[in-house]
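Just below is one structure, and these are the notes that go with it.
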Amino acid sequence: MKARVFVTLKPSVFDPQGQTIADALHAMGYSGIQDVRQGKYFELDIEASSLDQAQAMAAEVADKLLANTVIESFRVEVDPL
């Protein structure tokens with residue numbers, strides 16, 4: 001199964017890279033962009049007997065390694081191959 005993990009900074013955490021990107025977009029004339037938050041994206045190929053098991057494994061990996069849960073949140077999506 002294929003799991004996708006999206007990791008983003010929590011809303012209360014200042015995002016200097018996102019702010020730099022937003023500033024650059026404004027300078028390029030994209031005045032409709034209000035805010036930018038940067039993050040990380042991971043794809044995991046998981047061998048599991050069910051979607052629930054794959055979801056649990058991906059969430060555990062994200063919680064233990066892929067995300068710093070003090071300042072980041074994550075979201076997991078799983079699709080069967």
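The values are calculated or read from the model by the stated rules, or taken from the named source; none is laboratory data. Model, not experiment: these values are computed from the prediction. All Cβ positions, glycine included, derive from the backbone under ideal geometry; neighbour counts span all protein chains shown.
For the condition over 14 Å from the mean Cα position of the chain (by Cα), under 30 Å from residue 80 (Cα atoms) and surrounded by fewer than 16 Cβ atoms within 10 Å (Cβ to Cβ), what is the one hit in 56, 24? Step by step, each of 56, 24 is checked, and only 56 is over 14 Å from the mean Cα position of the chain (by Cα), under 30 Å from residue 80 (Cα atoms) and surrounded by fewer than 16 Cβ atoms within 10 Å (Cβ to Cβ).
Counting the residues of region 6-21 that are within 12 Å of residue 40 (Cβ to Cβ), crowded, with 17+ Cβ neighbours inside 10 Å and not hydroxyl-bearing (Ser, Thr, Tyr) gives 2.
The residue pairs whose first member lies in region 26-50 and is without any contact (Cβ under 8 Å) to a residue 40 or more places away in the chain, whose second member is in a loop (DSSP other than H, G, I, E, B) and surrounded by fewer than 10 Cβ atoms within 10 Å (Cβ to Cβ), and whose beta carbons are closer than 9 Å, counting only pairs six or more residues apart or on different chains, are 37/11. Quick check, is residue 76 closer than 10 Å to residue 3 by Cβ and in a strand (DSSP E or B)? So residue 76 passes the test. Would you mind stating whether residue 41 is under 21 Å from residue 79 (Cα atoms), surrounded by fewer than 13 Cβ atoms within 10 Å (Cβ to Cβ), at pLDDT 95 or above and among the hydroxyl-bearing types (Ser, Thr, Tyr)? The answer is yes for residue 41.
Just name the residue that is nearest to residue 18 (Cα to Cα) out of those in region 69-81 that are over 11 Å from the mean Cα position of the chain (by Cα) and exposed (fewer than 15 other Cβ atoms within 10 Å of the Cβ). So that I can check it myself, show each step before the final result.
Keep residues of region 69-81 that are over 11 Å from the mean Cα position of the chain (by Cα), which gives 69-71, 78-81.
Still in the running and exposed (fewer than 15 other Cβ atoms within 10 Å of the Cβ): 69-71, 79-81.
Working: 69: 19, 70: 19, 71: 15, 79: 29, 80: 33, 81: 33 Å.
Ranking the candidates gives 71 first.
Taken across region 16-30, residues that are within 28 Å of residue 70 (Cβ to Cβ) and of a type in the set (Phe, Trp, Tyr) do not occur at all. Residues that are touching a strand residue (DSSP E or B) at 6+ places or on another chain (Cβ under 9 Å) and either free of Cβ contacts under 8 Å to residues at least 40 places away in the same chain or among the polar types (S, T, N, Q) (or both) within region 4-16 comprise 8, 11, 15, listed in sequence order. For region 62-69, state whether one or more residues are in a loop (DSSP other than H, G, I, E, B) and touching a residue at least 12 places away in the same chain (Cβ under 8 Å). So far as region 62-69 goes, yes, one or more of its residues are in a loop (DSSP other than H, G, I, E, B) and touching a residue at least 12 places away in the same chain (Cβ under 8 Å).
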